[in-house]
1. Examine region 75-82 for a residue that is assigned to a helix (DSSP H, G or I), modelled with pLDDT of 85 or more and under 30 Å from Leu3 (Cβ atoms), and state whether such a residue exists.
2. List the residue pairs whose Cβ atoms are under 9 Å apart, where the first residue sits in region 40-63 and is in the same structural domain as Thr4 (by TED's automatic domain parsing), the second is exposed (fewer than 11 other Cβ atoms within 10 Å of the Cβ), and the two are 6 or more positions apart or on different chains.
3. Within region 57-64, does at least one residue satisfy the condition of being on the phi < 0 side of the Ramachandran plot, surrounded by 13 or more Cβ atoms within 10 Å (Cβ to Cβ) and out of contact with any Pro (no Cβ under 8 Å at 6 or more places or on another chain)?
4. Quick test of your reading of the structure: Ser105 fulfils all but one of (1) part of a helix (DSSP H, G or I); (2) modelled with pLDDT under 95. Name the failing condition by number.
5. So how many residues does region 23-36 have that are exposed (fewer than 10 other Cβ atoms within 10 Å of the Cβ), not in a helix (DSSP H, G or I) and not hydrophobic (A, V, I, L, M, F, W, C)?
Amino acid sequence: MTLTQIHQEIERTSERRTELWNGLSHGFDAGVADELKRLSDRLDALWDEERTLKAALRFGDRDKIVARARVEERLERAAEVSPSGRCRPRTRDGEPSLSGPTNRSR
């Protein structure tokens with residue numbers, strides 16, 4: 001659904017809910033009360049969908065964001081900073097690398 005479609009459905013659903021509330025003001029009807037509950041739940045879902053879509057449009061696909069965050073987290077763990085301020089590279093198994101900027105035996 002597009003934002004326009006979501007807003008149109010929110011508008012239609014809200015109008016129908018207003019009509020039902022006006023009907024309930026004349027006397028209780030269990031069927032009307034049930035429909036009101038369903039419409040309120042639908043509106044909640046539509047607003048959630050709208051927020052999700054806006055976030056995706058603004059920030060990108062959620063799965064890609066999570067994947068990037070995981071890569072950054074791995075890179076941060078891999079580039080542990082030594083007391084001298086130099087990066088201490090790590091091997092794939094997490095052990096300090098024997099080569100690189102902290103190896104002074106060269």
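1. The first filter runs over region 75-82 and keeps only residues assigned to a helix (DSSP H, G or I), leaving 75-78.
With modelled with pLDDT of 85 or more added as a condition, the list becomes 75-76.
Then drop every residue that is not under 30 Å from Leu3 (Cβ atoms), which leaves none.
The answer is no, given that none of the residues of region 75-82 is assigned to a helix (DSSP H, G or I), modelled with pLDDT of 85 or more and under 30 Å from Leu3 (Cβ atoms).
2. Leu53/Thr2
3. In the first step, residues of region 57-64 are kept if they are on the phi < 0 side of the Ramachandran plot; the result is 57-59, 61-64.
If we keep only those that are surrounded by 13 or more Cβ atoms within 10 Å (Cβ to Cβ) too, we end up with none.
No.
4. (1)
5. Restricting attention to region 23-36, the residues satisfying the condition of being exposed (fewer than 10 other Cβ atoms within 10 Å of the Cβ) are 25-28, 30-31.
Retained after the next criterion (residues that are not in a helix (DSSP H, G or I)): 25-28.
Those left that are additionally not hydrophobic (A, V, I, L, M, F, W, C): 25-27.
Result for region 23-36: 3.
Yes or no, residue by residue, for (1) in a helix (DSSP H, G or I); (2) in contact with a strand residue (DSSP E or B) (Cβ under 7 Å, 6 or more places away or on another chain); (3) modelled with pLDDT of 95 or more:
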residue	(1), (2), (3)
Arg38	yes, no, yes
Asp41	yes, no, yes
Ala45	yes, no, yes
Lys64	yes, no, no
Arg70	yes, no, no
Ser84	no, no, no
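Per-residue answers, yes or no, for (1) in contact with a Leu (Cβ under 9 Å, 6 or more places away or on another chain); (2) within 26 Å of Thr2 (Cβ to Cβ):
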residue	(1), (2)
Gly27	no, no
Ala30	no, no
Glu35	yes, no
Leu39	yes, yes
Leu43	no, yes
Ala55	no, yes
Val66	no, yes
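The values are calculated or read from the model by the stated rules, or taken from the named source; none is laboratory data. Everything numeric here is computed off the predicted structure, so don't read it as measured data. A quick note on method: Cβ atoms are made from the backbone with ideal geometry, for glycine too, and the neighbour counts reach across all protein chains shown.
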